[in-house]
1. Which of the residues belonging to segment 142-164 are surrounded by 15 or more Cβ atoms within 10 Å (Cβ to Cβ) and within 9 Å of the chain's Cα centre (by Cα)?
2. Filter segment 186-222 for residues that are touching a helix residue (DSSP H, G or I) at 6+ places or on another chain (Cβ under 7 Å) and either at positive phi or outside any helix (DSSP H, G or I) (or both); which is surrounded by the most Cβ atoms within 10 Å (Cβ to Cβ)?
3. Quick one: what pairs do we get from segment 220-234, first residue more than 19 Å from residue 205 (Cβ to Cβ), second exposed (fewer than 11 other Cβ atoms within 10 Å of the Cβ), C-beta under 9 Å, 6+ apart or different chains?
């Protein structure tokens, strides 16, 4: 008897489900049609959104993000409409509540990932640097190779690839060396105390002008200090800067030009000289001290 009752119960349940499925077939077909329609709409809207945004900004990261958000939003709306057609409004409410709880839990678990994601969005919108720019941040210097919503990839002059979290870049100071397309070179040197300082200044400025590219900024020359064996100065001049060789090459040419000009004008670049004093009180030459010892 128990087997028959169980069989009857299962059969009745299957009949109810079958009847419900048959009754829901038209709604199911409409729901599938709605989802398909919303999917097509999302594709079309994403395509035209991309075209419109590319006319206002060249930042492909922002355009891609906007397209993704719009596409997901349209598909989400279509899903909720389809569930409503299937009389699953309660399921929609449960999904929203569950999504809220899960989102809260994930927010605590993945705070750093969320922070990097938001920082990536803000960097993409503000666009303080782009692909190919030379930047220095968090003690790393290199050329930006890629910027995504998780991290920024730069290539150092030595060829290493460094991945820096977007949060670290957004929250800390960084320098963009190519934003203005120019860079100043500070060249330091020294001359002997016996040289004519006015002559040194004129020769140094003329030497820099002979190798400097055309610039609307004058060469600057300043004496800095009386050093231990030289009078030290600094020469400042500007170069067009798009990549590292622009800076290194100009600095190298400046060194060669200064050395050559000083040699031609009998200007000495001194090197440190160490004087040894002999005797108990100092100030005596070695040969004098030796002769005195021999005589004694």
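FYI, it's all coordinate maths here, none of it is from the lab. The structure displayed is predicted, hence computed values, not measured ones. Quick reminder, even Gly has a Cβ in these numbers, built from the backbone with ideal geometry, and neighbours come from all protein chains shown.
1. Hits for segment 142-164 are 142, 143, 144, 147, 151, 152, 153, 154, 164.
2. 191
3. Close Cβ pairs satisfying both conditions: 228/272; 228/273; 229/271; 229/272; 229/273.
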